[in-house]
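Accompanying notes for the structure given below.
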Amino acid sequence: MAEPWRDRARRAVEWNWRLRSVGDPRPHYVICGKDALAYYVARAMLESELPAGGARVTVVVPERYRSNGPDVAGLRGVRVIRSDRLDVATFEAAGVAGATGLALLHQDDVGNLHAALCAQAVDQQVRQVLRMFNGTLADGVRKLIKAPVEVLSDAEMAAPAFVAAALGEVDPSSFQHRDKTLRVARRADVRPQDVVCALAHLTEAQGVELLPADQAGADLVLAEATGQPPGTEVAARRLVRARRRRRPVTVLLGALRGFATRKIGVAVMLVLAVIAVLGALISRTEEASPLEALYLTLVTTLSGADPDTTKSAGAQIMQVVLNLAGLALIPLITAAVVDGIVNARLALHTGRLQPARAGHVVLIGLGNVGTRVMAQLREYDVEVVAIDKDPEPRGGALARQLEVPLIVGDAALPETLVAASVADCQALVVASTDDVANLEAALAARDLRDDLRVVLRLFDGDFAERVEETFALGVSRSVSYLAAPAFIGALTERAVITTIPVDRHALPVAEVPVAAGSELDGRPLDVVNRDGQVRLIARTPAGGTRTIWWKDLDPRQVIFAGDRLTVVARRRGLDWLTHQCAPPARPGPIPRPAGAVHGGVHIPAAATPAGLGPTDSEVGVAHPVSPGGGAPSTSTDRPADEFELTRRQDGAGEVS
């Protein structure tokens, strides 16, 4: 029997779903995705301090799916639409028409492109942000989509952090803004006059302090690039120079060990031992020199000998045994050759026939992120050995092009790690898409070598932090957490220039315009800097082409409408600055109905019948609306006139 509608509505209220109220001016964002990236983007949109008092978020997820990390459908405060197809009907149900932004975050380039075209048919003005790996396809998307569109690659943004962690250096990312190129570096590696601002202070006791007040004591800084290579590139060159030469004898012995199976090798050794013993006896009985005895032994073994009845009984016995050994030796040699050829072909196909290496980087997983990491390491001329379960992974073609050996097998098995020479490698980068498999491979590698530097990819940022602290596995990275700020900036139309990963945090670099009548209009520059939140690095005056950089900024200068402020900030700090630079909100409270909405028709509270509710095939969802149209309250004890009842079709008859 179907669940009574009152119980279903009660459950919806307990889960604190939020739908828009009538006349709600808050921006509406639609997010399509099921993994950690969609979760972080949706959560940030809910927590953002936008000028209109928050945002309304609708997420579209498949009917049934498995999430490796945090579940976006479990977020409190989002409207959930379940659909296996991102078509016109789904986008109409999600409210794309009139929405502020649409994020297509599935790991399917062609599927995201098809969804973008369908969304364009619903609303050609909605801003679209697409997640794509293929750069060529991304360039084509910008030409096909008529609506405002941004195409981003989370793998491309996160790969530098993995490369830097593997080489034991800071993130090598650099970016160009206006007329300068800036990069992240350690303070000791740059000149004092090139330091733009302090990014982080790293301490074992207090962890990472971002954008600290003490500029001089920060370990990590943003500096102007002066032509010298960044720290990661220097570390890569040092690694290449220090790589030991391969030992030819060791390589040859290793190839011989893998040429034939153990049983055939033992049989051949036994037969050769018998022949050697009989050769020694012939040398003594025939009173021949060692060379003559070797000749007689080989001729007798390989070609046989004519019978000679005049020989002594001992000599005849040795002759018969040698003939039998020869009969056994020739098939064994044939079997060893055939078996060795087959084993060599199989080993070459799976990548297990590998010479001994040292000082290289072992990479597990050639998906989107692994492929980018491999490409960047090869750009630095660092030797890489890749491992993947799939014989033809996504980055397989690029691996062959870059001459990177690919070992096909389970990275959690010791023999696979031994084939990749994990015990002698510089670092192990585990970048597959399965958290459990990644953790198993990292622990198996630590069993082979206790001091191995492990860079581990995990989808859940909190899980990554706890694994790093508990298992001491080196560095844990969440690709989605590192890439989310850039997607959020593109979705909210903020001019996010780049995202700087610092440990497990991400600092967006953005350019924010100052609107007329905003809070910062007419205020001094000094109010922009907030310790731990926002750091101003440049200002572009209104109508001007010249940018005033940190060296020439005067805190007493006045901010005017039309100025563009370039800042390094945390997410909440960027929300604050965007709010301060936004035009003033229109006065007056947001009109709110005194009743509910049923079937798209407003029903006053006094006229709402007690038994009115959705049918068994519909879901009733009640959501509180804060006074003045601000962010919704999480409490469910507000008066009935502050709720709106909205119904949506759900073929399964269940609450998502």
Could you check how many residues of segment 354-378 are under 16 Å from residue 158 (Cα atoms) and either surrounded by fewer than 19 Cβ atoms within 10 Å (Cβ to Cβ) or of a type in the set (Ser, Thr, Tyr) (or both)?
1
Residues located in segment 135-184, provided they are within 22 Å of residue 564 (Cα to Cα) and among the polar types (S, T, N, Q):
174, 176, 181
What number goes with the only condition from (1) at pLDDT below 85; (2) surrounded by fewer than 19 Cβ atoms within 10 Å (Cβ to Cβ) that residue 12 does not pass?
(2)
Selection status of residue 394, in a loop (DSSP other than H, G, I, E, B), surrounded by 15 or more Cβ atoms within 10 Å (Cβ to Cβ) and in contact (Cβ under 8 Å) with a residue 12 or more places away in the chain
yes
Please name all residue pairs, on different chains or six or more residues apart, with Cβ atoms under 8 Å, provided the first residue is in segment 501-519 and is under 18 Å from residue 182 (Cβ atoms) and of a type in the set (Asp, Glu) and the second residue is open to solvent by 20 Å² or more (accessible area, probe 1.4 Å) and not in a loop (DSSP other than H, G, I, E, B).
511/495; 511/497; 511/564
Collect the residues in segment 412-443 that are within 18 Å of the chain's Cα centre (by Cα) and buried (at least 18 other Cβ atoms within 10 Å of the Cβ), keeping them in residue-number order.
427, 428, 429, 430, 431, 432, 435, 438, 439, 441, 442
Please go through segment 479-505 and give me each residue that is closer than 27 Å to residue 209 by Cα, open to solvent by 40 Å² or more (accessible area, probe 1.4 Å) and part of a loop (DSSP other than H, G, I, E, B), ordered by number.
503, 504
Across segment 424-442, the tally of residues that are hydroxyl-bearing (Ser, Thr, Tyr) and over 11 Å from residue 411 (Cβ atoms) stands at 1
Based on what the data block shows, is residue 155 modelled with pLDDT of 85 or more and part of a strand (DSSP E or B)?
no
May I ask you to list the residues in segment 520-542 that are in contact (Cβ under 8 Å) with a residue 60 or more places away in the chain, in contact with a Gly (Cβ under 9 Å, 6 or more places away or on another chain) and assigned to a loop (DSSP other than H, G, I, E, B)?
532, 533
Would you mind telling me which numbered condition in (1) touching a residue at least 60 places away in the same chain (Cβ under 8 Å); (2) more than 22 Å from residue 194 (Cα to Cα) residue 547 fails?
(2)
Residue ID - modelled with the lowest pLDDT, chosen from residues in segment 174-195 that are of a type outside the set (A, V, I, L, M), open to solvent by less than 90 Å² (accessible area, probe 1.4 Å) and over 17 Å from residue 217 (Cβ atoms)
174
Does residue 508 satisfy the condition of being modelled with pLDDT under 90 and either open to solvent by less than 20 Å² (accessible area, probe 1.4 Å) or assigned to a strand (DSSP E or B) (or both)?
yes
Among the listed residues 126, 96, which satisfies the condition of being at pLDDT 90 or above, closer than 16 Å to residue 490 by Cβ and aliphatic (A, V, I, L, M)?
126
Given the structure, is residue 324 closer than 30 Å to residue 266 by Cβ and either open to solvent by 20 Å² or more (accessible area, probe 1.4 Å) or at pLDDT 75 or above (or both)?
yes
Restricted to segment 74-99 and to residues being more than 27 Å from the chain's Cα centre (by Cα) and of a type in the set (Val, Ile, Thr), the residue most open to solvent (accessible area, probe 1.4 Å) is 88
Per the filter on segment 526-562, residues out of contact with any strand residue (DSSP E or B) (no Cβ under 6 Å at 6 or more places or on another chain) and crowded, with 20+ Cβ neighbours inside 10 Å are 559
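The values are calculated or read from the model by the stated rules, or taken from the named source; none is laboratory data. The shown structure was predicted, so the numbers you read here are calculated from the model rather than taken from an experiment. Cβ sites come from the backbone with ideal geometry, for glycine too, and all protein chains shown count toward neighbours. Note: accessible area is taken over every heavy atom of the protein model, side chains too, but ligands, DNA and RNA are not part of it. Shrake-Rupley method; radii C 1.70, N 1.55, O 1.52, S 1.80 Å.
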